[in-house]
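The values are calculated or read from the model by the stated rules, or taken from the named source; none is laboratory data. Owing to the predicted nature of the structure, the values given are computational and were not obtained by experimental measurement. Because the Cβ atoms are built from the backbone with ideal geometry, glycine has one as well, and the counts that use them run over all protein chains shown.
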Amino acid sequence: MTESAVRSIDRLKDIPYPSAGSGSEYVSGWRVYATLLTLFLVSTISQVDRILPFIMAEAIKRDLSLSDTQVGLLTGVPFAVCYTLLSMPLARAADRGSPRFVLVACIVAWSAMTALGGFAATFLLLALTRFGVAAGEAGAFPAGHAIIARKIRPERRGMAIGLFAMGMPIGAMVGFAAGGAVADALGWRVALIGAGAIGGVIAVLAFAVIGPTAPLRQTSATGETFLRSSARLLATPAFRWLFIGAIAVGFASAPFYAFAAPFLIRVHGFTAGEAGLAFGLLQGLMGIVGTVVGGRMFDRAVQSGTGRVLGPPAILFLIASVTTSVALFVPSGWVAVALLVPGMLSFAFMLPWAFGASHLVAGKGKEAQATSIVMVGSGLMGPALGPLIVGMVSDAASAAQIPNGLALGMLAVPVASVATAIAMLIANQRIADAFGRR
């Protein structure tokens, strides 16, 4: 580890939770709840705006006379690349300047682009608005984590990260349910314009509730270039293994969410409604339980003083790898659904642990940067390549007349889950080792 990372973790030996600064900026009383509620709403509307084209894809395709390839471009690799890579410079701006300004500017940007998408008359114009949504949303999580690090007292930080992350499953549920209903009743254009308007209201709320944050005092560390600072973080064994684990999570989660519903429909004869209802409700429930319980458990793990802050998610991923493997080959569809639940839980449970541990290793003033690097790991290669690999294996199996070819392809999910667990266990040990250094 670098000397600064060791110092930031070594302080945990002498205090209940790592202190970050003097504490003069921490909010108290009702402002704690107002800040967390606002961040939750930001995360929720971000997820709603991101997934609306998924639920409205057929209507958009029909209205604009698009091909399946064009629909894929609206929601696939280009969006992932734009989102993950732009998160890094926006994270730098949040760490070095005002995270409130970055967050509000990002909300305004993606909300405006979402609303403009409702007026798009061609594929090119709609695609440009989706790139704008990705550019705006890229800064939301890094800036939100920077706000949490500076505004929320350290002993509540894991729970705060969990509540912020809980907006993702809630947003997915709202987007699929409300977005589909509005699109059916009033059209996809009204759904996009309405979501953009709601985002504008939340931007005003965020500006009003999240007070100004004093800039961090410049040090040699904060004066480094972004690339050099990122390379320094990745050079530390603990952060490097966290990053590897994030990559593995991407390879596990992206194919899981892309193919779980088609698997239930194709292999077990579920209707689209049955698969969507079962998978959507369980995903939302597991997302809420995973982020809230995971955040609280992370706080307790850090307060224990052992330095072992990644064991529980690693264990859960090992369990999920077994249950997911069995789910792919059991004859009963509803048993398969039940066996997929630990996988859904593991992805949500991991969020506060991965982000919280990355903040610990990175140290004060680099929380947003650490978040952005983890997001690049989980959001770039896995979503871009994972579903492609599963699809290629499935197609090859089908061409060879091997039954249940999709299940064979989806074995990539438990394999990546095992890789995630191994990486987290190694990172866990590296962080614990730092507790013995002074």
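State all residues of segment 354-390 that are among the small types (Gly, Ala, Ser) and either under 21 Å from ARG156 (Cβ atoms) or without any contact (Cβ under 8 Å) to a residue 24 or more places away in the chain (or both); if no residue qualifies, say none. Break it down stepwise before answering.
To start, the set of residues in segment 354-390 that are among the small types (Gly, Ala, Ser) comprises 354, 356-358, 362-363, 365, 368, 370, 372, 377-379, 382, 384, 386.
Answer for segment 354-390, where residues must be among the small types (Gly, Ala, Ser) and either under 21 Å from ARG156 (Cβ atoms) or without any contact (Cβ under 8 Å) to a residue 24 or more places away in the chain (or both): ALA354, GLY356, ALA357, SER358, ALA362, GLY363, GLY365, ALA368, ALA370.
Which one is nearest to LYS366 (Cα to Cα), of the residues in segment 111-146 that are of a type in the set (A, V, I, L, M, F, W, C) and within 17 Å of the chain's Cα centre (by Cα)?
Filtering segment 111-146 down to residues of a type in the set (A, V, I, L, M, F, W, C) leaves 112-113, 115-116, 119-121, 123-128, 131, 133-135, 138, 140-141, 143, 146.
If we keep only those that are within 17 Å of the chain's Cα centre (by Cα) as well, we get 133-135, 138, 140-141, 143, 146.
Working: VAL133: 25, ALA134: 22, ALA135: 21, ALA138: 17, ALA140: 15, PHE141: 13, ALA143: 11, ALA146: 8 Å.
Looking at the filtered set, the residue picked out is ALA146.
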- request: Among what's in segment 273-287 and is aliphatic (A, V, I, L, M) and farther than 20 Å from VAL330 by Cα, pick the residue that is modelled with the highest pLDDT.
  value: MET286
- line: Exactly one of SER346, SER372 is assigned by TED's automatic domain parsing to the domain that holds ARG300 and at pLDDT 90 or above, and that residue is SER346
- prompt: Pick from PHE243, PHE251: which is at pLDDT 90 or above, out of contact with any Leu (no Cβ under 7 Å at 6 or more places or on another chain), in the same structural domain as PHE317 (by TED's automatic domain parsing) and surrounded by 19 or more Cβ atoms within 10 Å (Cβ to Cβ)?
  reply: PHE251
- request: Look through segment 401-421, keep the residues that are part of a loop (DSSP other than H, G, I, E, B) and among the aliphatic types (A, V, I, L, M), and return whichever of them is surrounded by the most Cβ atoms within 10 Å (Cβ to Cβ).
  value: LEU411
field: Number of the exception - ASP184 against (1) touching a Lys or Arg at 6+ places or on another chain (Cβ under 9 Å); (2) free of Cβ contacts under 8 Å to residues at least 24 places away in the same chain; (3) not hydrophobic (A, V, I, L, M, F, W, C)
entry: (1)
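Identify, from the list ALA183, ALA165, ALA178, ALA172, the residue that is at pLDDT below 90 and closer than 23 Å to ALA149 by Cβ. Lay out the reasoning, then the answer.
On the way: ALA183 fails: closer than 23 Å to ALA149 by Cβ; ALA178 fails: closer than 23 Å to ALA149 by Cβ; ALA172 fails: closer than 23 Å to ALA149 by Cβ.
Just a single option satisfies the conditions, and that option is ALA165.
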- line: Those helices (runs of 4 or more DSSP H) completely within segment 57-173 that have 3 or more residues that are crowded, with 19+ Cβ neighbours inside 10 Å and outside the structural domain of ALA246 (by TED's automatic domain parsing) are 77-96, 99-117, 123-137, 140-151
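Just to be sure, is LEU52 under 22 Å from ALA195 (Cα atoms), modelled with pLDDT under 70 and hydrophobic (A, V, I, L, M, F, W, C)? Step through it out loud before you land on a result.
On the way: under 22 Å from ALA195 (Cα atoms): yes; modelled with pLDDT under 70: no; hydrophobic (A, V, I, L, M, F, W, C): yes.
Taking the combined requirement at face value, the residue does not satisfy it.
Looking only at segment 301-325, which residues are over 22 Å from the mean Cα position of the chain (by Cα) and in contact (Cβ under 8 Å) with a residue 40 or more places away in the chain?
First, pick out the residues of segment 301-325 that are over 22 Å from the mean Cα position of the chain (by Cα): 303-308, 322-323, 325.
GLN303, GLY305, THR306, GLY307, ARG308, VAL322, SER325, listed by residue number.
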query: Could you list, in sequence order, the residues of segment 281-300 that are small (Gly, Ala, Ser) and touching a Phe, Trp or Tyr at 6+ places or on another chain (Cβ under 6 Å)?
result: GLY290, GLY294
query: Do you know which residues across segment 116-141 are more than 17 Å from SER65 (Cα to Cα) and of a type in the set (S, T, N, Q)?
result: THR129
field: Qualifying positions in segment 295-312 - in contact with a Leu (Cβ under 8 Å, 6 or more places away or on another chain) and either β-branched (Val, Ile, Thr) or at pLDDT 90 or above (or both)
entry: VAL302, VAL309, LEU310, GLY311
